[in-house]
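Only one structure is covered here, and it is reproduced in the block below.
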Amino acid sequence: MTDTSVPKIELRDVRKSFGSKHVLRGVDLKVPKGSSLVIIGGSGTGKSVTIKCVLGLLAADSGQILIDGVDITKLGSRKRDEQMKKFGMLFQGGALFDSLPIWENVSFGLIHGHDMPRDQARLAAIEKLKAVGLGANVADLFPAELSGGMQKRVSLARAIAVNPEIIFFDEPTTGLDPIMADVINELIVQCVKDLGATALTITHDMASVRKIADYVAMIYEGKIIWSGPVAELDHSGNPYVDQFIHGRADGPISRATAA
Amino acid sequence: MSEIAPTAARISQKSVSAVLDLCATVGHSVMRFFGSVGRLTEFAAKAIAHIFMPPWFFKQIGRQFVDIGYYSLAVVGLTTLFSGMVLALQSYTGFARFNAEGAIANVVALSMTRELGPVLAGLMVAGRIGASIAAEIGTMRVTEQVDALTTLSVNPYKYLVVPRVLAGTLIMPVLVLVGDIIGIFGGFIVAVFRLKFSAYAYVEQTWNFLEPIDVISGLIKAAVFGFIVTIMGCYNGYNSDRGAQGVGAATTNAVVSASILILIFNYLLTQVFFS
């Protein structure tokens, strides 16, 4: 399943600062093809910035970001757009287009990015909605008419609609009740498996980590301080990881930086 | 202790540091100003470049034409109607002192087409459209919908900025032309029904007096103002800070900066056309 020679995603010494604030201080990361890697870490440690740099929403100051061995930070805008078609992203707040009905949200990438005719796109959208456990009856509703959990599902359907090779999940369970969170986790595992996609997730929800991760990496102060298979998470021997996964207030991670 | 230090030295040190502080503040503001002018110019250049590059989102462009053009008709129409009416009334009371009441038709037509039509319509549209563009794009930015567009292989400039800027620039001259006509009609109503002018003479005088350049200069102004309003709305919304406060500030900035720029460019364009 994993091709170890060329990782699907590789970050080499990626750095990013906002003014005098150094958010990423040299992130190194490898995600093998077809696997699911979860980045854990407190708020403000650089998780979101990492994922946005890979997606190209933010430009890294230095370092390399390789997708299938190609450094995307050096690509021209057109080739970069091609790369973008390999990506799907589930945003933390859903980020559904509130001026469009659900089915157009789901098939947005198909209609505009892949030039699919609208009637065909509508059928494809209903198919994807079914895959995330929603009926065809929600297709003509608007995002504001759905509950938070349903919006997350629609957002997931939108992320997988273009059959991406890589899917990014930004805090997929934040703001959901524990049962809905578990439903979403299971859907994520299912969708990633069905697509044979590579997944990169950021979260601080440990239940989510244990459910969806093949590999775990912990980010702290802009660097990856530990990474390994999820099975080794409990025996990492790293005091930072131990403190984080057990959610202890005292430990090497001071509260000032974790806040 | 500070009491030991000579007083004169202390005062000079204090004044030096005060001057330095002042320089730093002024310097920072100047740098910030030029920084934002640079960013705005880059944004506008990018927006214009994307206008000429496919793909085009025709449905979005059409929607903006309706939003900016059609739905602004009532506001622009009312504004210019009453402006034309008050113009006739004021110039009558003013010109009566010199027995020059006959010039009302000329004054109304000239002020309406050259100045009041484009400027008033520009300011009203800045309030109506500039604010709504900034609030809409700002909210989309804050809720990551702008980022979501990018991840779905759709360029936000093409999907959000181009339709608004294109529609604003092209439809504003049409709005102003309609406004000109309504404004002149407003002057006509007051002149004929209140001041008892001859309807035929009023219309004939207006028609004979107006030069094409009067109308055309106003319409060119209108296109520039349409561009200013939409680009300021898009720019401020696109760069909105997080949260409700960020969107609020973006909306305010969009309207205020567009209004000021309209007045500045109005002067500059008038200078270009009539000097």
- Message: Tally up the residues in the stretch A:84-105 that are more than 9 Å from chain B (Cβ to nearest Cβ) and touching a residue at least 60 places away in the same chain (Cβ under 8 Å), please.
- Response: 2
- Message: Could you go through the stretch B:152-160 and let me know if any residue there is in contact (Cβ under 8 Å) with a residue 60 or more places away in the chain, touching a Ser or Thr at 6+ places or on another chain (Cβ under 8 Å) and more than 11 Å from every other protein chain (Cβ to nearest Cβ).
- Response: no
- Query: Is there any pair linking a residue in the stretch A:37-66 that is within 13 Å of chain B (Cβ to nearest Cβ) to one that is surrounded by fewer than 18 Cβ atoms within 10 Å (Cβ to Cβ) and charged (D, E, K, R), with Cβ under 7 Å and at least six apart or on different chains, and which?
  - Reply: A:56/A:80
- Out of the residues in the stretch B:129-145 that are among the aliphatic types (A, V, I, L, M) and surrounded by fewer than 24 Cβ atoms within 10 Å (Cβ to Cβ), state the one that is farthest from the other protein chains (Cβ to nearest Cβ). B:131
- If you check residue A:77 against the conditions, is it within 28 Å of residue A:176 (Cβ to Cβ) and within 14 Å of another protein chain (Cβ to nearest Cβ)? no
- Test residue B:182 against the criterion of being modelled with pLDDT of 95 or more, within 23 Å of residue B:72 (Cα to Cα) and either within 13 Å of chain A (Cβ to nearest Cβ) or in contact with a strand residue (DSSP E or B) (Cβ under 6 Å, 6 or more places away or on another chain) (or both), and give yes or no. no
- Only residues that are in contact with a Lys or Arg (Cβ under 6 Å, 6 or more places away or on another chain) and on the phi < 0 side of the Ramachandran plot: list them for the stretch A:29-51, please. A:31, A:33, A:39, A:49
- Query: Can you tell me which residue in the stretch A:106-135 is farthest from the other protein chains (Cβ to nearest Cβ), limited to those that are surrounded by 23 or more Cβ atoms within 10 Å (Cβ to Cβ) and not hydrophobic (A, V, I, L, M, F, W, C)?
  - Reply: A:128
- Query: Out of the stretch B:77-106, which residues are within 25 Å of the chain's Cα centre (by Cα) and surrounded by fewer than 16 Cβ atoms within 10 Å (Cβ to Cβ)?
  - Reply: B:78, B:82, B:86
- Taking helices (runs of 4 or more DSSP H) that do not extend beyond the stretch B:193-275, which have at least 2 residues that are small (Gly, Ala, Ser) and at pLDDT 95 or above? B:212-238, B:243-274
- Kindly indicate which of B:121, B:126, B:109, B:148 is crowded, with 24+ Cβ neighbours inside 10 Å, at the interface with chain A (Cβ under 10 Å from one of its Cβ atoms) and at negative phi. B:148
- Cross-chain or 6+ apart pairs with Cβ under 9 Å, the stretch B:63-88 first and under 20 Å from residue B:133 (Cβ atoms), then among the polar types (S, T, N, Q) and part of a helix (DSSP H, G or I): B:64/B:230; B:67/B:132; B:68/B:230
- Task: Give the stretch A:211-223 a look and list any residue that's surrounded by fewer than 21 Cβ atoms within 10 Å (Cβ to Cβ) and either under 18 Å from residue A:42 (Cβ atoms) or under 13 Å from the mean Cα position of the chain (by Cα) (or both), or say none.
- Result: A:221, A:223
- Task: Spot the failing condition for residue B:202; the list is (1) among the hydroxyl-bearing types (Ser, Thr, Tyr); (2) on the phi < 0 side of the Ramachandran plot; (3) within 13 Å of chain A (Cβ to nearest Cβ), and only one is missed.
- Result: (3)
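The values are calculated or read from the model by the stated rules, or taken from the named source; none is laboratory data. What you are looking at is a predicted structure, and each value in this text was computed from that prediction instead of being measured. With ideal geometry, Cβ positions are generated from the backbone for all residues, glycine too; neighbour counts draw on all protein chains shown.
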